Every structure is written in C-alpha cells, then in structure tokens.
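Read the figures in this text as sums done on the coordinates, not as results from a lab. Since we're looking at a predicted model, the values are computed, not measured. In this analysis, Cβ positions are derived from the backbone assuming ideal geometry, glycine residues included, and neighbour counts consider all displayed protein chains.
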Amino acid sequence: MNMLILDEADRMLEMGFQQHIDQIIAAAPRERQTLLFSATFPEQIKSIADQIMYNPVMVKVEQKHDNLTIEQHFYRVDDNKARLEALRLLLLDKQPRSSVVFCNTKRETQQVADALAEFGFSVLALHGDLEQRDRDQMLLQFANRSARILVATDVAARGLDIDELDAVFNYHIAYDTEVHIHRIGRTGRAGSSGAAYTFFGDDDGYKMAMIEEAMNKDIIGETLPAMSALNKQPQAAEMITIQIDAGKKQKIRPGDIVGALTGDNGLDFNDIGKIKVTDFRAYVAVSSKASKQALNKLNKGKLKGRNYRAWFM
C-alpha cells in the first residue's frame, strides 16, 4: 500500500467513523502518499490533517455557481405535517423540471419520498441504507430525467453531478452552515438560474442566525403558495430508463444502441436521452411516449448481431 485516500472526510466524522479511520491509519505504512477530500473543511478535519499528513498542500476548487443566479426562499412551518404540505405546495406551484429534497436522516428521507410517491410525484429516495449498486442506479435515473424529484441525505447526494438542477429544497436546515451552502450550490450551475427553498421552525433560531450571517442579510419568512395549488397534478417523468443485459465486455457502444433504436422506422433521435455503458450493462433513457416502442425494438432487434434482454428499470 502506497496511497491512502480519505474521501468525504467531513461526513465520515459526523457519522461516527473516527475510530475506524484511526484503525486504518494505524495499519497503514508510514511511507505513503495521503490524500484527503472534503466538501467542507471544519476545524475537526484540519486537526486530522495535521496529525496524519506531513507538510500537505491544500487545493481549493473554485465554486461552480454564482450566488446571483440562485434565489433563496425561506418558509416557517410548524410541524412535519405542515412541512410535507409546504413541500407539495411548492412542487406543484413551481413545477421544477428537476429538484433535490435534502433531509437530515435516512429514515426521514425514505418517509418523505414514500409520502410524495403516494401523492403521485415522480420521486426516488437516496440514502446510505441502499446498496451501492442501487444508489448508482438511482443517481443514473435521476441524472437522465427518469425521475423529477430526488429525496436524499447529504452523504448520498455527494455523487450527484447535474448541471441543470432547477430547485433545491431543505426539508430541514442542515446541521452546518457550510453544508447549507453546499446544498444550495447544487442548483444555479453553469450559468443557469436556480431556486433554493428552506423550511425552518421555532427550534432553528441558531441555524437561521448563522445563515443570516453567511448571507449578510436578515431572513424574513415568505408566504406559501395558495392551497389551490394542491389541485394540480404532479408532472410525470420526461424519460424512462431501459437497462440492457450487455455492456463493454460484449463490445457494445452507445452508437450501437442508437442504431438499434432508430433503424427501420424506429425512434426519432430526439426521443433518445443519455446513454451509459458499463462493463456488463448498458442504460439508455428514452422519452416516456416512445418507451414501449423502444423496449420492443431492443428486445426484438440485435446489438452486434446478437439478441440481448432489455427491461425498464
């Protein structure tokens, strides 16, 4: 072993992995390269860096978003029932094309996602209780617009890299102000505009004061949309993801999938979204209206001269 990498170090410490980290470092050889990655850099992380790194070089990545492109909105809610209702009102009134709802716990993440699904929203839940393969597939489906809403914990959403994210919702305020800034920075990227909606209650006075200090202005709770917004129907996902039982090991390329879908009076190019090919699987997003035709083409057609099984994720 000649390299030790600690990724998401700030979150690992918050989740109680200090003892495990110490054990790994104790077992590592003294002569090594050590790399430490963290979205935020609290004092606790600095103290660890001082202990395990020798004369380290710090590299900071420039922010990818401009605060001027992000509109922040704050709403006072009394309890969890009011919080869920406020979330529904804003989702139905604003109709964001894609949005992330941040929760502070895994349990709450699943509960919020389940509740939104019952109300007919196109939603996925992403948290640490999922297997890594399931988490990867959730992120893939959200990135290719096969779901409009992703409810996630901060740790799970760290792997999320989407330039066009319309809105971020803070179901509860983050425990740390830097995390709050990191959350809202998910939207308004690459020159596009975005909106961040934060719910707060009577117990959030200290957190709100810290956010006010970071924003350098007083926060005044806004009025939620009219209750009539609840009469609107949630929008369905634009795309559906098809999984193909073949990948790079079978010499499958994105062009092969496009050819299979568009050949012989097949799909229009505009009905095909993102394509990802892994070693043994391939994934293609197709428009919802053309999804059945796409699945039929892939199951009855051939890729590289062979038939492969395909199904909706």
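What size of dipole, in debye to the nearest 20, comes out for the chain about its Cα centre when the only charges are +1 on Lys and Arg C-beta atoms and -1 on Asp and Glu C-beta atoms? Before the final figure, lay out the partial values.
Values: 40 positive and 43 negative charges, 424 e Å.
Around 2040 debye, computed over the chain.
Got the relative contact order for the range 67-231 handy, in percent, Cα pairs under 8 Å and 6 or more residues apart?
Working: 280 pairs, mean separation 57.6, N = 165.
Relative contact order here is 35 percent.
Please give the length that would be gained between M210 and K304 if that part of the chain were fully extended, namely 0.36 nm times their separation in residues minus their C-alpha to C-alpha distance (nm, one decimal). Please list the in-between numbers first.
On the way: separation 94, 0.36 × 94 = 33.84 nm, distance 5.79 nm.
Additional length available on full extension: 28.0 nm.
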Next on the checklist: Please arrange I184, I149 by how many other C-beta atoms lie within 10 Å of their C-beta, fewest to most.
Outcome noted: I184, I149
Item to check | Antiparallel content of DSSP bridges confined to the chain, in %, to 5 | outcome: 35 percent
Item to check | Simple Cβ-charge dipole of the range 3-52, Lys/Arg +1 and Asp/Glu -1, about Cα centre, in debye nearest 20 | outcome: 160 debye
Next on the checklist: Show me the GluC sites (Glu not before Pro) within the range 72-175 that DSSP assigns to loop and that have at most 15 other Cβ atoms within 10 Å of their Cβ.
Outcome noted: E131, E164
Item to check | Dipole moment magnitude, nearest 20 debye, the range 188-291 about Cα centre, only Lys, Arg, Asp, Glu C-beta charged | outcome: 720 debye
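Going by average Cβ density within 10 Å per residue, which order do the peptides 228-238, 136-146 take, highest to lowest?
Details: 228-238: 14.0, 136-146: 21.0.
Per-residue Cβ counts within 10 Å, averaged per peptide and sorted highest first, yield 136-146, 228-238.
Listed here are the pairs K249/K289; K274/K300; K248/K289; K94/K207; K106/K248; which of them are more than 24 Å apart at the Cα? Numbers along the way, then the final one.
Numbers: K249/K289 31 Å; K274/K300 22 Å; K248/K289 28 Å; K94/K207 26 Å; K106/K248 34 Å.
K249/K289; K248/K289; K94/K207; K106/K248, as the Cα separations exceed 24 Å there.
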Checklist entry - Can you work out ³J(HN,Hα) from phi for every residue in the range 47-60, in order, using Karplus 6.51 cos²θ - 1.76 cosθ + 1.60 and θ = phi - 60°, giving whole Hz and x for Gly and Pro? => result 5, 5, 4, 5, 7, 10, 10, 10, 6, x, 9, 9, 10, 10
Item to check | Most mobile of V59, V112, V151 in a GNM of the chain (Cα contacts under 10 Å) | outcome: V59
Item to check | Extreme residue, positive dipole direction of the range 67-231, given options F199, L130, F169 (C-beta unit charges) | outcome: L130
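For the range 239-312, rounded, prolate or oblate, judged on the Cα gyration tensor with a ≥ b ≥ c (square roots of eigenvalues), a/c < 1.5 rounded, else prolate if a/b > b/c?
Numbers: a/c = 1.63, a/b = 1.36, b/c = 1.20.
Cα axes put the range 239-312 in the prolate bin.
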Checklist entry - Distance from the Cα centre of the range 120-139 to that of the range 243-263, in angstrom? => result 25 Å
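What's the ranking of 197-203, 249-255 by average number of surrounding C-beta atoms within 10 Å, highest first?
Values: 197-203: 18.1, 249-255: 14.3.
Order by mean packing, descending: 197-203, 249-255.
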Next on the checklist: Positive end of the dipole of the range 67-231, charges at C-beta (+1 Lys, Arg; -1 Asp, Glu), about the Cα centre: which of L116, N144, T223 has its Cα farthest in that direction?
Outcome noted: N144
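For the chain, what does the helix formula give at 222 nm: sum of -39500 (n - 2.57) over DSSP H segments with n ≥ 4, over the residue count, nearest 500 deg cm²/dmol? Show your work: numbers first, answer last.
Working: 10 runs with 104 residues, N = 313.
Helix-only estimate at 222 nm: -10000 deg cm²/dmol.
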